[in-house]
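One structure below.
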Amino acid sequence: MGMDCYCMSQLQVVVQEHQVEVCYLGLTLILQTHVGPREMTNVKGIEGEDGRMCINTEWGGFGDDKSLDDILTEFDVEVDKTSINPGVHIFEKMISGMYLGEIVRLVLVKMTKDKLLFKGQISEALGTPGQFETKAISEIEEPDSGLENAMKILTELGLDWDPVDASVVRLVCDTISSRSAHLCAAALATLVNHIRNNRKLDHLKTTVGVDGTVYRKHPTFSSKLQKAMRLLAPQCDITFLISEDSSGKGAAMVTAVAQRLAHQSRLLEESDGEDNEEEQEKEEGQ
């Protein structure tokens, strides 16, 4: 869910395993999406003996071969058709924060045309692409003030709403954000399970370093993602660690620090083992 430059509204995830072997998995979600698991490489012709490399899976392009057509909705098709790059990055357009607001807008337009919302009247703002921002989803889904926020946003969009309309809009936002979290979890769980199986581990313990406004600001995205991960990767113990740097640098720092700490931990374990052996030899000599 890659890109060479990052924007503030991104979710950067780096998974690291604090064991003898450290694995990393990076996830960027908002403008574009990519995941890079760091594991032992089977690629031939690579110089160096470290045995590890970063792989950019470009999973945002999952579905470009029409493998996701069975689960695409009419709204996904419309988002893709009107995007600057139709036909590519299909998975990204289903889960990325760049598109979530537009998906919600299209759903609301459809429901209004079917006379299920707003007395069947579409305002100019609601009928304009890009006018329903993704940040509005977070505001509308706030547990305490969400309904009030929904009413305010609908008023700003020039809509003739009633309390039932506002409640339905909250449900639409919850549905779209939940789908994003669950699809993201499905893809992430697949990679984590692959890493565990590839390393022939019964249990994989990982830490996920996260930055980005979707994960940090949306009131339920993180909990839905984590709950789905527990369901889809039950043999992986995943801890999510938030970095406050939204530029992507924070997640990179988490990765670097984790690698250093894991390396130091291994050295300490090896040192303790050697010290214990020396003490045992001295005791036996006495």
**Request:** Among the residues of region 231-246, write down those that are of a type outside the set (A, V, I, L, M) and either at pLDDT 95 or above or more than 15 Å from the chain's Cα centre (by Cα) (or both).
**Result:** PRO234, GLN235, CYS236, ASP237, GLU244, ASP245
**Item:** Test result for LYS115, among the basic types (Lys, Arg), loosely packed, with under 13 Cβ neighbours inside 10 Å and over 18 Å from the mean Cα position of the chain (by Cα)
**Value:** yes
**Asked** Do the conditions hold for GLU148, that is, is it out of contact with any Phe, Trp or Tyr (no Cβ under 8 Å at 6 or more places or on another chain) and in a loop (DSSP other than H, G, I, E, B)?
**Response** no
**Prompt:** Where in region 51-145 are there helices (runs of 4 or more DSSP H), lying fully within it, with 2 or more residues that are over 30 Å from HIS194 (Cα atoms)?
**Reply:** 74-81, 97-113, 134-140
**Item:** Counted residues, region 187-236 - those being part of a loop (DSSP other than H, G, I, E, B) and within 20 Å of ILE176 (Cβ to Cβ)
**Value:** 4
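The values are calculated or read from the model by the stated rules, or taken from the named source; none is laboratory data. Bear in mind the structure is a predicted one, so any value in this text is a computation, not a measurement. Ideal geometry is used to build each Cβ from the backbone, glycine not excepted, and the neighbour counts take in all protein chains shown.
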